[in-house]
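Down below is the structure, laid out as structure tokens.
Throughout, read-outs are computed from the coordinates displayed, never taken from laboratory work. Quick caveat: nothing in here was measured; it's all calculated off a predicted structure. Here the Cβ positions follow ideal geometry from the backbone for every residue, glycine too, while neighbour counts run over all protein chains shown.
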């Protein structure tokens, strides 16, 4: 899974969770494959509630806003991508509960790149560097929890382990009930 050119076929009206530590390329992947209106970013939500996407004290309010927007989009049958680390099961469970309430399928895209790549990309950021120790913790949490994704309620799961595999991926929306 995740090697070579992979075509991700996403169900209509689905919740798509991007999963990966800071620097793994979640926001870049989202911008490349989805409309801005389809992407709910935890950083953007922090910016909305605190005028600063890096303000970690705004995280609780940011996720309250993200969950509300997610519920509204899924109720309307709109494909919605959550761009947050989503590395811990409890965080994914809250998002999956919203999809279940609205009868929507959920898929996961895991960006499990080498730690060195994530750290290098994070260090090169001009706007929002995350402490290296936090990136290490995020990757450890992700790797400890993603083995159980199948049992969490995701219909489809893709796991990418290299930057080349991520850049070679294509996204297609399947026709279905919205």
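Some notes on this structure:
- For the chain, the 222 nm mean residue ellipticity estimated from helices alone, with every DSSP H stretch of n ≥ 4 adding -39500 (n - 2.57) and the total spread over all residues, rounds to -13000 deg cm²/dmol.
- Under the simplified labelling scheme, the residue 170-residue 64 pair shows an inter-label distance of 4.4 nm, with each label point 7 Å from Cα along Cα→Cβ.
- Distance from the alpha carbon centroid of the range 118-178 to that of the range 39-79 works out to 18 angstrom.
- Cα shape, the range 23-76, gyration tensor, a/c 1.5 rule: oblate
- Note on percent of Cα pairs over 27 Å apart: of the candidates (1) 27; (2) 20; (3) 33, the value calculated from this structure sits at (2).
- Sequence of 161, 22 once ranked by neighbouring C-beta atoms within 10 Å, starting from the fewest: 161, 22
- Taking a ≥ b ≥ c as the square roots of the eigenvalues of the Cα gyration tensor, the range 105-178 is prolate, since a/c reaches 1.5 or more and a/b is larger than b/c.
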